[in-house]
1. Could you list, in sequence order, all residues of segment 48-66 that are over 16 Å from residue 36 (Cα atoms) and either open to solvent by 100 Å² or more (accessible area, probe 1.4 Å) or of a type outside the set (Val, Ile, Thr) (or both)?
2. Out of the residues in segment 30-39 that are in contact with a strand residue (DSSP E or B) (Cβ under 8 Å, 6 or more places away or on another chain) and surrounded by fewer than 16 Cβ atoms within 10 Å (Cβ to Cβ), state the one that is farthest from residue 6 (Cα to Cα).
3. Give me the residue from segment 1-15 that is open to solvent by less than 80 Å² (accessible area, probe 1.4 Å) and over 9 Å from the mean Cα position of the chain (by Cα) and, out of that set, nearest to residue 69 (Cα to Cα).
4. Checking residue 19 against (1) within 16 Å of residue 65 (Cα to Cα); (2) open to solvent by less than 60 Å² (accessible area, probe 1.4 Å), only one condition comes out false. Which one?
Amino acid sequence: MKGDRVEIVVDAGDTTRAYEVVASRAGRRVETAVRRGVVEVSEVTRNGSVVRTARFMANRVLALVEQPVPRGEEGDGE
C-alpha cells in the first residue's frame with residue numbers, strides 16, 4: 001500500500017546510517033527478505049515486478065523497522 005515504509009539502520013564503521021524504502025504509489029508494497037547474509041528490501045508493484053531494491057550486508061544491519069500505513073488512510077482514493 002502507498003505509504004508502507006521500511007527503515008534500515010546500518011553500522012557504517014564509526015557511525016550509523018539510516019535508510020528508508022517507501023511504497024511511492026498506490027498499489028505498491030514494500031517486501032523484505034534475508035538471503036545468504038544479505039538483507040534485501042524491495043518496492044514491488046501489484047503484479048510482483050520489482051521497482052527498486054536496497055541491499056545491505058546482514059552483519060551490518062542494526063535495525064530493520066517495518067512501518068505499515070495505518071488502516072484509516074489506505075482508502076483515500078488514489
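The values are calculated or read from the model by the stated rules, or taken from the named source; none is laboratory data. Everything quoted here is computed from the prediction, not taken from an experiment. Note that we place each Cβ from the backbone using ideal geometry, even for glycine, and neighbour counts take in every protein chain shown. Areas reflect the complete protein model, heavy atoms only, side chains present, ligands, DNA and RNA absent. Shrake-Rupley method; radii C 1.70, N 1.55, O 1.52, S 1.80 Å.
1. 48, 49, 52, 62, 63, 64, 66
2. Filtering first and then ranking leaves 37.
3. Of segment 1-15, the ones open to solvent by less than 80 Å² (accessible area, probe 1.4 Å) are 3-4, 6-13, 15.
Still in the list and also over 9 Å from the mean Cα position of the chain (by Cα): 3, 9-13, 15.
Details: 3: 5, 9: 20, 10: 23, 11: 27, 12: 29, 13: 32, 15: 29 Å.
Selected residue: 3.
4. Only one criterion is unmet by residue 19, namely (2).
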